[in-house]
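Below is one structure, written out as structure tokens; the observations come after it.
The values are calculated or read from the model by the stated rules, or taken from the named source; none is laboratory data. Since the model is a prediction, treat every value here as computed from it, not as a measurement. All Cβ positions, even for glycine, are placed from backbone atoms using ideal geometry, and neighbour counts span all protein chains on display.
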């Protein structure tokens, strides 16, 4: 067999696709039932053949390069189409129920608007969706797929990274009317603050504001004041209503920023170290229905991750 024969290229592309989904050679090896070293070797052979690096090997994590993103955007839909065709040939393998557990805010603002596309593409798959906070432990057997926000570590489960999370302040443009300009974090003293009490498990309700301000070096702002809510999407609705300035998660706020209902007064964003992940039991993806929903959600997340980080709104300092 010649080096880089079609079957070898196919194998390496499968390994690449799995590693790109997880952004981890170790987790790719677990899913493919090969060693981490074998995954790394297959990726290196593919990179050598292409003459371009596909991953940036960073301390404790991987990132796709531009070439890796381009290859993923071509390979992912192609393999999805093949998997769908195989499922149909197997005679109804994609019919039936898939149980999905997800965070309430992620469900309301990110997943629900996309579900009609999934229903149209895979009408025989029936979703059973349960919204639960992260405070409820994940238990094997209670779901087929779970969407959770954490550091990506789930003992006893496998996981696929969906979206890295960043936080930054947002507010309604009308909140700025008749108030002093909101140009620097120090100006927040003139504005009420909104808090998501469930943002950091076991932390006080103002912890997210403290984390953001400490990261950008603004330590003189008093954040132990304002209005508190126990759901992120409720907090964002109150921000839209002009009640105050809230800390937003980039993943959950894109539509509100695009429509202008909310603006980001400061250019600074802060990585939380948390990520939205798809969590599942070992062997769960052997079920073509679960694998199909998993792959569709992962593909949607890759498209969403391409959204640009928000910059300071040109009208943010127009108040007063």
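The table for this structure:
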quantity: So residue 261, is it modelled with pLDDT of 90 or more, over 18 Å from the mean Cα position of the chain (by Cα), under 16 Å from residue 211 (Cα atoms) and in a loop (DSSP other than H, G, I, E, B); calculated: no
quantity: Residue that is buried (at least 18 other Cβ atoms within 10 Å of the Cβ), out of contact with any strand residue (DSSP E or B) (no Cβ under 8 Å at 6 or more places or on another chain) and at pLDDT below 90, where the choices are 17, 32; calculated: 17
quantity: Number of positions in the stretch 170-190 that are out of contact with any helix residue (DSSP H, G or I) (no Cβ under 7 Å at 6 or more places or on another chain) and under 26 Å from residue 274 (Cβ atoms); calculated: 1
quantity: Residue satisfying condition, being loosely packed, with under 13 Cβ neighbours inside 10 Å and either touching a residue at least 12 places away in the same chain (Cβ under 8 Å) or out of contact with any helix residue (DSSP H, G or I) (no Cβ under 9 Å at 6 or more places or on another chain) (or both), within set 68, 51; calculated: 51
quantity: Considering residues of the stretch 118-151 that are without any contact (Cβ under 8 Å) to a residue 40 or more places away in the chain and over 19 Å from residue 284 (Cα atoms) only, the residue surrounded by the fewest Cβ atoms within 10 Å (Cβ to Cβ); calculated: 120
